[in-house]
1. Restricting to region 153-172, name every residue that is in contact with a Lys or Arg (Cβ under 6 Å, 6 or more places away or on another chain), assigned to a strand (DSSP E or B) and closer than 23 Å to Arg40 by Cβ.
2. Looking at region 160-188 only, could you name the residues that are among the aliphatic types (A, V, I, L, M) and under 8 Å from the mean Cα position of the chain (by Cα)?
3. Sort out which residues of region 221-239 are in a strand (DSSP E or B) and either modelled with pLDDT under 95 or under 22 Å from Asp190 (Cα atoms) (or both), and write them in order of number.
4. Under 7 Å between Cβ atoms, which residue pairs at least 6 apart in sequence (or on different chains) link something in region 216-240 that is under 18 Å from Arg193 (Cα atoms) with a partner that is at pLDDT 90 or above and among the aromatic types (Phe, Trp, Tyr)?
5. Scan region 184-227 for residues that are open to solvent by 40 Å² or more (accessible area, probe 1.4 Å) and among the β-branched types (Val, Ile, Thr) and jot them down.
6. Among residues belonging to region 310-335 that are in contact (Cβ under 8 Å) with a residue 12 or more places away in the chain and open to solvent by 90 Å² or more (accessible area, probe 1.4 Å), point out the one that is farthest from the chain's Cα centre (by Cα).
7. Somewhere in region 325-345, is a residue small (Gly, Ala, Ser), closer than 29 Å to Thr158 by Cβ and part of a loop (DSSP other than H, G, I, E, B)?
8. Considering only residues of region 155-170 that are of a type in the set (A, V, I, L, M, F, W, C) and open to solvent by 10 Å² or more (accessible area, probe 1.4 Å), which is nearest to Ser28 (Cα to Cα)?
Amino acid sequence: MKCKISQLGDEATDLAPEGVYEVAARWSEILRDDTSAMTREAFEAWRAQSREHAAAFDRAQAAHALASALAFTPEMQSLRHETMARMVDSNVRRSRRTRGWSIAASLFVAAVLGVLALSSQMNWNRAGDSREASAGNVYQTGVGQRAVVTLDDGSVITLNTDSRISAHYRAGLRAVTLERGQALFKVAKDHTRPFVVTAAGRQVTALGTEFDVYLSKRAFEVTLLEGRVTVTRDRAVASAKPSTASPLAELRPGQQFIAIAKTQPQVRAADVKRVVSWRHGQIVFENERLEDAIAEMNRYSSRQVVLSDSHLASLKISGAFNTGDTGTFVEALTAYFPIERSTAQDDTIVLKPRPVSRG
């Protein structure tokens, strides 16, 4: 959603509580698309007007993160449909200029006011995560979901499928922990406060740059798109301070740091567009082992694919697939390889060698 900051006009003053939430929701939307200094300055001026403004914006940000995590639950879909129906009915009397904004903002307000009630209907683990998210420093996605989070300093984090981060900002330091999954960080420049990402016992430190961090059971990867970052061992997890250890690597754009269990970490050239293709909803394979390609596709779907024969694991595959499109992926495999599929009782797709025809 593209927008201009002038659309807020003078309506941001003398607002009732509901109006404050609506404007906060609009700001939350604006800042996801417009990261210019002018926009940021206007937002900071509005937020500094009162504690109510700041609190409303924090709730809008937390609600956005939580709504993303719960986006595909029946309860959240019902809430969206109900709110949209109300807004369409009430907006027939409003001008075309404000109608779209009112619908978007009201959906956010509904999330702010109603999301805790929805979360109480989820399982205990998810409800616990929801309470942390409402505190404003924990953001996460479910399987097959992506989310964009704009932090207080203007840094933008894009979360990939089944990912979770926690942000801890304070004077002199911007600290983020990647607890699981993958995230693309576009860091706002601030030479007085380094931006530190901690994951898998390592720290990635930057001032103003763009990089991707992927944490899996098998490996830890950092890919640099622009700027400069250092990778060090984390010796201060508890305090979240930048590590003073000697760097394991200092990356330049187009380079990737990769550490696989029980092997020496290495820096190598990376196909950056392929690494971050997930942010556009695609997975690109280039001469990838079938076993690894299946593992990557499985990240984006609750329906899993397994190999029944280890001899198939080393087959090589190249191609581009949409994230979550398991069906097309399996069809391609059975069309180009001597493979056939079957379905297990738990709906898992099982791939096995195709019998050799005789005759």
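The values are calculated or read from the model by the stated rules, or taken from the named source; none is laboratory data. From a predicted model like this one, the values you see are computed outputs, not experimental measurements. Methodologically, a virtual Cβ is constructed for each residue, glycine included, from the backbone with ideal geometry; neighbour enumeration extends over all protein chains shown. Note: areas computed on protein heavy atoms with side chains; ligands, DNA, RNA excluded. Shrake-Rupley method; radii C 1.70, N 1.55, O 1.52, S 1.80 Å.
1. Within region 153-172, Val156, Thr158 meet the criteria.
2. Residues satisfying the conditions are Ala183, Leu184.
3. Val222, Thr223, Leu224, Leu225, Glu226, Val229, Thr230, Val231, Thr232, Arg233
4. Val229/Phe211; Val231/Phe257
5. Of everything in region 184-227, just one residue is open to solvent by 40 Å² or more (accessible area, probe 1.4 Å) and among the β-branched types (Val, Ile, Thr), namely Thr192.
6. Result: His311.
7. no
8. In the first step, residues of region 155-170 are kept if they are of a type in the set (A, V, I, L, M, F, W, C); the result is 156-157, 159, 165, 167.
Next cut, open to solvent by 10 Å² or more (accessible area, probe 1.4 Å) only: 156, 167.
On the way: Val156: 12, Ala167: 17 Å.
Among those that are of a type in the set (A, V, I, L, M, F, W, C) and open to solvent by 10 Å² or more (accessible area, probe 1.4 Å), it is Val156.
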